[in-house]
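Working notes for the structure below.
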Amino acid sequence: MLLAVDIGNTHSVLGLIEGREVRHHWRLSTDTRRTSDEIGLQLDQLFRMGGIERGEISGAVVSTVVPPLREAWLAALESALSVEPLLVTAQMPLPLGLAVDFPNQVGTDRIANAVGGRNRFGSPMLVVDCGTTTNIDVVNAAGDYCGGVIMSGPEFWAEALFQRTSALPRVAMRRPDRVIGTNTVACIHSGLFHGFLGAVDRLVDGVRAELGAPDCPAVTTGGLGALVAQESARLSAHLPWLTLEGLASIWEYGLSR
């Protein structure tokens, strides 16, 4: 099995992948203060709870958008698994091209989304990754990653309302019963939910129009992706482990070279 690790700003997602199937998965809080020893202890606990022998894991692949944790995770994985983990970068050989202005600036999670999405749906297609930020990752008709969209996620919106006003409370996004709120919290819920969903729908429409592919597949991943996919007619599926699947494909591509 392959251990794939996607280290995000808020959460780190781990998955044990056999073939194309995610056999085990975990979501951890991202903490930049964590040392390699602490990460190693946490990995040991996860494996023991899952009844997983370390010898079953033949490789590891890592994507991170949190540079302070890069070395700690690589050291922990090498010590725990006795394998050299593969750190995904935009500069390494990849199974798709990066048709953007500055390829070195592309986040490796976005590359993994594009690889995973293209594997499942072909091209063109797009992935809406609903995490701390909301990214739309686009694969063009040639099968290359060609850019996309970055905007703040609803958690940022909610925190900004709380921090920059005197009277509005902090709330989490959820689906409100009505668009018209009859109290302050209900009004904020409506603005967060319907405003965010409207923004995603508008962006998906714009991406498809620029691709010249009005019916190309559009799917979600990330923590809020299931809710967005359920409510939007533009999005056909929620694939919670798509980033991990893409990382596994990048690892396999490296082995084949």
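Summary of computed values
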quantity	calculated
Which numbered condition residue 2 misses (of (1) in contact with a Phe, Trp or Tyr (Cβ under 9 Å, 6 or more places away or on another chain); (2) at pLDDT below 95)	(2)
Within segment 86-105, considering residues that are in contact with a strand residue (DSSP E or B) (Cβ under 6 Å, 6 or more places away or on another chain) and surrounded by fewer than 20 Cβ atoms within 10 Å (Cβ to Cβ), the one farthest from residue 148 (Cα to Cα)	87
Strands (runs of 3 or more DSSP E) wholly inside segment 106-169 containing at least 1 residues that are in contact with a Gly (Cβ under 8 Å, 6 or more places away or on another chain) and under 17 Å from residue 9 (Cα atoms)	125-130, 133-139
Residue tally, condition in a helix (DSSP H, G or I) and more than 20 Å from the chain's Cα centre (by Cα), over segment 194-221	10
Unmet requirement for residue 44, which otherwise passes all of (1) outside any loop (DSSP other than H, G, I, E, B); (2) surrounded by fewer than 16 Cβ atoms within 10 Å (Cβ to Cβ); (3) touching a residue at least 40 places away in the same chain (Cβ under 8 Å)	(3)
Where a residue in segment 78-105 is within 19 Å of residue 3 (Cβ to Cβ) and in the same structural domain as residue 42 (by TED's automatic domain parsing) and its partner, wherever it lies, is polar (S, T, N, Q) and exposed (fewer than 12 other Cβ atoms within 10 Å of the Cβ), with Cβ under 8 Å and at least six apart	83/58
Some residue of segment 24-46 being modelled with pLDDT of 95 or more, polar (S, T, N, Q) and in contact with an Asp or Glu (Cβ under 9 Å, 6 or more places away or on another chain)	yes
Tally, over segment 218-253, of residues that are in contact with a strand residue (DSSP E or B) (Cβ under 6 Å, 6 or more places away or on another chain) and within 19 Å of residue 84 (Cα to Cα)	4
Close pairs (7 angstrom Cβ cut-off, 6 or more residues apart or separate chains): among the polar types (S, T, N, Q) in segment 1-25, buried (at least 21 other Cβ atoms within 10 Å of the Cβ) anywhere	10/131; 12/5; 12/6
Checking residue 32 against (1) surrounded by fewer than 16 Cβ atoms within 10 Å (Cβ to Cβ); (2) in contact with a helix residue (DSSP H, G or I) (Cβ under 7 Å, 6 or more places away or on another chain); (3) closer than 16 Å to residue 244 by Cα, the condition it does not meet	(3)
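The values are calculated or read from the model by the stated rules, or taken from the named source; none is laboratory data. Source: prediction; values computed, not measured. Using ideal geometry, Cβ is built from the backbone for each residue, glycine included, and neighbour counts are taken over all protein chains shown.
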